[in-house]
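Working notes, beginning with the structure itself.
The values are calculated or read from the model by the stated rules, or taken from the named source; none is laboratory data. This structure is a prediction, so every number in the text was calculated from the model and none was measured. Using ideal geometry, Cβ is built from the backbone for each residue, glycine included, and neighbour counts are taken over all protein chains shown.
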Amino acid sequence: MTSSSSAIMGPGGQPMHETRPVILLGRGGGGTRLLSEFVQGQGVFLGSDINKSFDSVEWVKTVYAIAIEVMSGDAPPDAARRAAYIKRLHETAAEVLARAGRVESGYWGWKLPETTLICDLAKAAFPQAQCLHLVRHPVRASLRRTHMTSRMNNPMGRAALPAAYVHAGRDPALIEVDSAHIHNAYSWLHQADLMARCFDGDPALHIVRFEDTLERPEAVAAALSGFLHRAPPADAPNLKVDARRASVIDMDAGEARRIWDICGARAATFGYTLEQVLA
């Protein structure tokens with residue numbers, strides 16, 4: 001491996017930073033599996049090791065290590081550290097593609113929700129990337145089960161959840177007394193804000209609302225195919241929607257309002273309202 005990240009080669013002999021991967025983003029547990037199933041059906045190679053959540057397992061070691069370091073830091077990484085992170089992302093991409101023998105194809109990418117925590121580094125590493133962001137109404141998302149990024153029982157959560165509290169101006173010491181739903185809410189807000197700050201209207205990002213995949217899957221699928229700018233295979237499957245994932249959640253109105261107080265301003269930018277879940 002060369003010492004210069006710009007010399008790491010991607011599919012078709014392009015320098016890795018000039019390649020155009022499809023990067024799937026969104027908070028874990030919010031439905032990102034749906035995007036992974038869809039883009040793989042469109043012919044996007046997401047790796048040789050895909051788990052039951054349709055995550056790109058070969059990216060776990062690199063993305064987790066970088067995310068934990070970044071989330072644990074007292075300040076954003078300096079230029080040298082950013083360059084080192086970008087080089088690691090390029091190296092991982094080259095290793096995944098070489099392992100699969102897919103260097104002849106430019107239609108590749110990865111799906112790992114924790115990439116959302118380092119979306120700015122992923123974008124810097126692959127400035128030509130096409131990024132998909134799946135978002136879910138924060139009240140419903142927060143009242144579901146917790147995700148590793150909102151739990152303190154794992155290294156990722158121990159880095160990401162305090163960072164989310166600091167981001168929101170809340171004392172991380174309150175993690176011990178706040179409910180799991182509140183942990184989820186601050187995690188949702190942090191990751192949605194990171195995405196907004198990173199992309200800020202950039203046409204390289206396509207946002208998909210989970211609710212829309214349930215209510216109008218054909219329109220969502222057509223928009224996704226159009227964004228990818230590539231003709232899908234003739235046998236590409238339709239957007240698969242599991243209606244059970246939208247089952248009614250027992251909801252206390254006061255708890256819902258507290259979550260909305262935390263996330264509402266950001267959620268409104270996606271077209272969400274509190275009334276949509278309290279109706």
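Numbers at a glance
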read-out: Subset of the stretch 119-144 that is surrounded by fewer than 24 Cβ atoms within 10 Å (Cβ to Cβ) and of a type outside the set (A, V, I, L, M) - its residue that is farthest from L205 (Cα to Cα); value: R144
read-out: Condition broken by D200, with the remaining ones in (1) modelled with pLDDT of 90 or more; (2) at negative phi satisfied; value: (2)
read-out: Residue, nearest to the chain's Cα centre (by Cα), within the stretch 128-146, restricted to residues that are within 25 Å of L174 (Cβ to Cβ) and not in a helix (DSSP H, G or I); value: R136
read-out: Residue check for E91: closer than 30 Å to V241 by Cβ, among the charged types (D, E, K, R) and either touching a Phe, Trp or Tyr at 6+ places or on another chain (Cβ under 7 Å) or touching a residue at least 24 places away in the same chain (Cβ under 8 Å) (or both); value: no
read-out: Residue check for S6: modelled with pLDDT under 95, over 18 Å from C131 (Cβ atoms) and over 20 Å from the mean Cα position of the chain (by Cα); value: yes
read-out: Any pair with Cβ under 7 angstrom, 6 or more apart, that starts in the stretch 265-279 at a residue that is of a type in the set (A, V, I, L, M, F, W, C) and ends at one that is assigned to a helix (DSSP H, G or I) and surrounded by fewer than 13 Cβ atoms within 10 Å (Cβ to Cβ); value: L278/A253
